[in-house]
Amino acid sequence: MNKHILAGIVLVISIFISCTKTEAPAPYGPVPTENQMRWQEMEYYTFVHFSLNTYTDQSWGFGNEDISLFNPTELDCRQWARICKEAGMKGIIITAKHHSGFCLWPSEYTEYSVKNAPWKNGKGDVVRELADACEEFGLKLGIYVSPWDRNHPDYGKPEYITYFRNQIRELLTNYGPIFEIWFDGANGGTGYYGGANEDRKIDRTTYYDWQPTYKMIRELQPDIVIWNDGGDRADLRWVGTEEGYVGETNWSLLNDTGEVEWGMLHFGHENGNAWVPAEVNTSIRPEWFYHPAEDDKVKSVPKLMETYYNSIGRNATLLLNFPVMPNGLIHPGDEKAALEMAKAVKESFAVNLAENSKAEASNVRGNAGKFNALKAIDGNSETCWATDDSITSASLTIELGKPALINRFMVQEFIRLGQRVKEFNVEAFVEGDWKEICRGTTIGNKRILRFPSVEATKVRLNITASKSCPVISNIGIYNAPVFLNAPSITRSQPGDISISTNDIGPVFYYTLDGSEPNPQSTLYSGPFQADGKVEVRAIAYDPASGKSSPVGVEKFDISKKGWKIEGVTDENAILILDGNTSTTWHQRDKKMPVDLIVALGEKYNVCGFRYLSDQSRWSSGIITHYRFYVSEDNKNWKLVSEGEFSNIKNNLSLQVRDFAPLRARYFKLRALKNASDDDVAGYAEVDIITD
Ligand code: FUL
């Protein structure tokens, strides 16, 4: 036989043997269940916050709100479902019962539900209508049912757990398949509790006795995933913030020991022994429930895209909330923002420059075609590039064919075999040289990295550390359009205005007369003086693409130049007046109630105040209950506002309270209680509103 033919036959036989012999890598560490996989692949779904609070403008109902307020005259769950479908979401989780205890379905176990509301003469059932709409639009249904119940007389006693389980059973029996159940961890304490009007504390680690409840849930809904932030470890985890992001390093792992520390929620445990992936929950507006005052605070497309990259692009799913209006509909502004975001996502990932180009890897498992580099760019997430078992660092190079502008890199691990990669970087071949364009730590289900546009002919993924041999199912390279964030505008105590952004490369234009800024307005060249009442409007502008950001607006009140914090020697106290939201001051040396007294220097008609808590990830001293006083002489004080900053622990947004104007030269913010039940009072910024 001809030598070459023989060599060819040997090669074919050896390839055949190696292909058939090369097994997929063994799973490494914990792996997802089928239910977790199905959920992970949904990627994006919505929350709907709707309850009696919708009618009382509250974040948390106390539990005694009048049922007769609930009358959504135009309620249309088909509208919610249509918007979600068009926005690319795959399911809807509804607040069937929020902390107030009011039930959106006619529960047979309580009178505090839609069955006693004027809506549809007590014959309505919001959960039923939503289940039907979801079925019609091909969406999955999820249930939020609050463990904390501020209405129920038995809350805090063992009897309540039976009540709670009965409600869960109703919800998981009567409304078809439920993809996710959501158990909020908030347990604020005070409530109506059937008229007791008291503070009831429970031990969140034992009170709810979760295991029998989990068992019942899985029997009733075998395909469900359980989200729980309040006790025993469930299938999914909270990320420790409601701001719309998870850690850049994000392991889908936790330790199986029940309670986890706050920081670990954000990053997961690298060596955790249980698969507990992250879900990023955030609202399309600052708050979860509808508040008319937030109609102009719907998040912009760049902000929502930021959230997209910081959730789905960081190995998490995204649960984006719509607050439904009192009439029962999603506000047109929220709809517009969600649809524009969907369009931006579509445009960003429309063309995958990696797909079906050429690719080579530094190592291929068993030299087998089944696991070669091309499997990472074939658009099929069931096939993957994998290396030999002994390999924990490897490279994969993609030839783009011709020079192409790129600014996004997407990579996915085949997580059914576990999460492995610890560190990687990406290089681009630019004018004859390799240049690092971005780097990351974990990958997981999906990691998307952003970098300034670069023209490249080749792109190389270098996995520099992995727990075990890497298994990569997908790589995408894109040139996404620019979406700039509205710039942020701050003013220091001496009156210097600064304009800034996290985006790379834009310039800013601004106005001070209320007119809309454009590239013909004043160019920002550094901080400038503008004291007293002034409205600054600014845009970020990208000279390369000619694109502008949405307008950032900041209304500043009276000058803080002459303000003084009374009775305090710590010079850092001034940080709470500096206009910089990332600097803070804490009072730690007093017992609650803790007062903050500010002398304004002159007399003003004061008609409101603003409190911004410590914004850092490890924030402390977050005031939850307050009293606000004004005075002309620092002796005789008038109480002008008091109450709670509901949900402030999870959602650190600015708290604004208005009241009837009063002449004042001093104000006093009294902290009655904080979120961690200690004596620390912390502040990022404190400000007043004058008329
Ligand atoms: C929080 C709750 O207290 C908020 O009201 C909201 O429901 C959010 C999703 O979870 O913990």
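The values are calculated or read from the model by the stated rules, or taken from the named source; none is laboratory data. Everything numeric here is computed off the predicted structure, so don't read it as measured data. Note: ideal-geometry Cβ built from the backbone for every residue, glycine included; neighbour counts use all protein chains shown. Accessible surface is based on the protein model in full, side chains and every heavy atom, while ligands, DNA and RNA are left aside. Shrake-Rupley method; radii C 1.70, N 1.55, O 1.52, S 1.80 Å.
In region 243-273, how many are open to solvent by 10 Å² or more (accessible area, probe 1.4 Å), out of contact with any helix residue (DSSP H, G or I) (no Cβ under 9 Å at 6 or more places or on another chain) and either more than 15 Å from the ligand (Cβ to nearest atom) or of a type in the set (Ser, Thr, Tyr) (or both)?
Adding up the residues that qualify gives 13.
Residues that are of a type in the set (Phe, Trp, Tyr), over 18 Å from Tyr478 (Cα atoms) and touching an Asp or Glu at 6+ places or on another chain (Cβ under 6 Å): does region 315-322 have at least one? Don't jump to the end; show me each part of the working.
Start the filter on region 315-322 by keeping residues that are of a type in the set (Phe, Trp, Tyr), which leaves 322.
Subset that is over 18 Å from Tyr478 (Cα atoms): 322.
Now narrow it down to the ones that are touching an Asp or Glu at 6+ places or on another chain (Cβ under 6 Å): 322.
For region 315-322, residues of a type in the set (Phe, Trp, Tyr), over 18 Å from Tyr478 (Cα atoms) and touching an Asp or Glu at 6+ places or on another chain (Cβ under 6 Å): present.
Picking from Asn121, Asn64, which residue would you name as being assigned to a helix (DSSP H, G or I) and more than 16 Å from the ligand (Cβ to nearest atom)?
On the way: Asn64 fails: assigned to a helix (DSSP H, G or I).
Exactly one of Asn121, Asn64 is assigned to a helix (DSSP H, G or I) and more than 16 Å from the ligand (Cβ to nearest atom), namely Asn121.
Keeping to region 361-374, report how many residues are in contact (Cβ under 8 Å) with a residue 60 or more places away in the chain and either outside any helix (DSSP H, G or I) or open to solvent by 50 Å² or more (accessible area, probe 1.4 Å) (or both). Outline the logic, then answer.
Taking region 361-374 and keeping what is in contact (Cβ under 8 Å) with a residue 60 or more places away in the chain, we get 365-371.
Filter once more, keeping what is either outside any helix (DSSP H, G or I) or open to solvent by 50 Å² or more (accessible area, probe 1.4 Å) (or both): 367-368, 370.
The qualifying residues number 3.
Out of the residues in region 292-319 meeting the condition of being within 16 Å of the ligand (Cβ to nearest atom) and touching a helix residue (DSSP H, G or I) at 6+ places or on another chain (Cβ under 7 Å), tell me which one is farthest from Pro277 (Cα to Cα).
Result: Lys299.
Suppose we filter region 203-228 for residues that are open to solvent by 40 Å² or more (accessible area, probe 1.4 Å) and within 16 Å of the ligand (Cβ to nearest atom); how many remain? First the steps, then the outcome.
Just the residues of region 203-228 that are open to solvent by 40 Å² or more (accessible area, probe 1.4 Å), to begin with: 203-206, 209, 211-212, 215, 218-220, 222-223.
Now restrict to residues that are within 16 Å of the ligand (Cβ to nearest atom): 204.
Result for region 203-228: 1.
I need the full set of residues from region 547-570 which are open to solvent by 40 Å² or more (accessible area, probe 1.4 Å) and over 18 Å from Ala599 (Cα atoms), in order please. Quick ask: steps written out before the conclusion?
If we filter region 547-570 for residues that are open to solvent by 40 Å² or more (accessible area, probe 1.4 Å), which is where we start, we get 547-548, 550-551, 553-555, 561-562, 564, 566-570.
Passing the criteria: Lys547, Ser548, Pro550, Val551, Val553, Glu554, Lys555.
What number of residues within region 36-59 are in contact with a Gly (Cβ under 7 Å, 6 or more places away or on another chain) and over 30 Å from Gly313 (Cα atoms)? Before the answer, list the steps.
To start, the set of residues in region 36-59 that are in contact with a Gly (Cβ under 7 Å, 6 or more places away or on another chain) comprises 42, 44-45, 51-53.
Remaining after also requiring over 30 Å from Gly313 (Cα atoms): 51-53.
Number of matching residues: 3.
Yes or no, residue by residue, for (1) more than 28 Å from Glu455 (Cβ to Cβ); (2) part of a loop (DSSP other than H, G, I, E, B):
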position: Ala354; (1), (2): no, yes
position: Ala359; (1), (2): no, no
position: Gly379; (1), (2): no, yes
position: Thr392; (1), (2): yes, yes
position: Thr397; (1), (2): no, no
position: Ile406; (1), (2): no, no
position: Gln412; (1), (2): no, no
position: Val426; (1), (2): no, no
position: Glu436; (1), (2): no, no
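Within region 102-109, does at least one residue satisfy the condition of being more than 16 Å from the ligand (Cβ to nearest atom), open to solvent by 10 Å² or more (accessible area, probe 1.4 Å), in contact (Cβ under 8 Å) with a residue 24 or more places away in the chain and out of contact with any His (no Cβ under 7 Å at 6 or more places or on another chain)?
First, pick out the residues of region 102-109 that are more than 16 Å from the ligand (Cβ to nearest atom): 105-109.
Still in the list and also open to solvent by 10 Å² or more (accessible area, probe 1.4 Å): 106, 108-109.
Those still in the list that are in contact (Cβ under 8 Å) with a residue 24 or more places away in the chain too: 108-109.
Narrowing further to those that are out of contact with any His (no Cβ under 7 Å at 6 or more places or on another chain): 108-109.
For region 102-109, residues more than 16 Å from the ligand (Cβ to nearest atom), open to solvent by 10 Å² or more (accessible area, probe 1.4 Å), in contact (Cβ under 8 Å) with a residue 24 or more places away in the chain and out of contact with any His (no Cβ under 7 Å at 6 or more places or on another chain): present.
When you scan region 573-691 for strands (runs of 3 or more DSSP E) that lie fully inside it, which ones turn up with 1 or more residues that are open to solvent by 10 Å² or more (accessible area, probe 1.4 Å) and more than 16 Å from the ligand (Cβ to nearest atom)?
Values: elements: 585-587, 594-612, 623-631, 637-644, 655-674, 681-683, 685-690.
Fully inside region 573-691 and qualifying: 585-587, 594-612, 623-631, 637-644, 655-674, 685-690.
Sort out which residues of region 663-677 are more than 11 Å from Phe628 (Cα to Cα), touching a residue at least 12 places away in the same chain (Cβ under 8 Å) and not hydroxyl-bearing (Ser, Thr, Tyr), and write them in order of number.
Arg663, Ala664, Arg665, Lys673, Asn674, Ala675
Taking region 67-96 only, how many residues are open to solvent by less than 20 Å² (accessible area, probe 1.4 Å) and either more than 13 Å from the ligand (Cβ to nearest atom) or farther than 22 Å from Ile648 by Cβ (or both)? Lay out the reasoning, then the answer.
Of the residues in region 67-96, the ones open to solvent by less than 20 Å² (accessible area, probe 1.4 Å) are 70, 72, 77, 80-81, 83-84, 87, 89, 91-96.
With either more than 13 Å from the ligand (Cβ to nearest atom) or farther than 22 Å from Ile648 by Cβ (or both) added as a condition, the list becomes 70, 72, 77, 80-81, 83-84, 87, 89, 91-94, 96.
Residues in region 67-96 being open to solvent by less than 20 Å² (accessible area, probe 1.4 Å) and either more than 13 Å from the ligand (Cβ to nearest atom) or farther than 22 Å from Ile648 by Cβ (or both): 14 in total.
Out of all the residues in region 159-181, is one or more within 15 Å of the ligand (Cβ to nearest atom) and open to solvent by less than 10 Å² (accessible area, probe 1.4 Å)? Show your work before the answer.
So the first thing to find is which residues in region 159-181 are within 15 Å of the ligand (Cβ to nearest atom), and the list is 180-181.
Okay, now just the ones that are also open to solvent by less than 10 Å² (accessible area, probe 1.4 Å), so 180-181.
Yes, some residue in region 159-181 is within 15 Å of the ligand (Cβ to nearest atom) and open to solvent by less than 10 Å² (accessible area, probe 1.4 Å).
Inspect all residues belonging to region 130-138 and state whether any of them is of a type outside the set (Phe, Trp, Tyr) and either within 16 Å of the ligand (Cβ to nearest atom) or farther than 25 Å from Trp80 by Cβ (or both).
Within region 130-138, the first condition is being of a type outside the set (Phe, Trp, Tyr), and the residues that meet it are 130-136, 138.
After this cut, where a residue has to be either within 16 Å of the ligand (Cβ to nearest atom) or farther than 25 Å from Trp80 by Cβ (or both) as well, the list is none.
No, there is no match, as no residue in region 130-138 is of a type outside the set (Phe, Trp, Tyr) and either within 16 Å of the ligand (Cβ to nearest atom) or farther than 25 Å from Trp80 by Cβ (or both).
Looking at (1) surrounded by fewer than 17 Cβ atoms within 10 Å (Cβ to Cβ); (2) part of a strand (DSSP E or B), which one does Pro481 not meet, given that it meets all the others?
Result: Pro481 fails condition (2) only.
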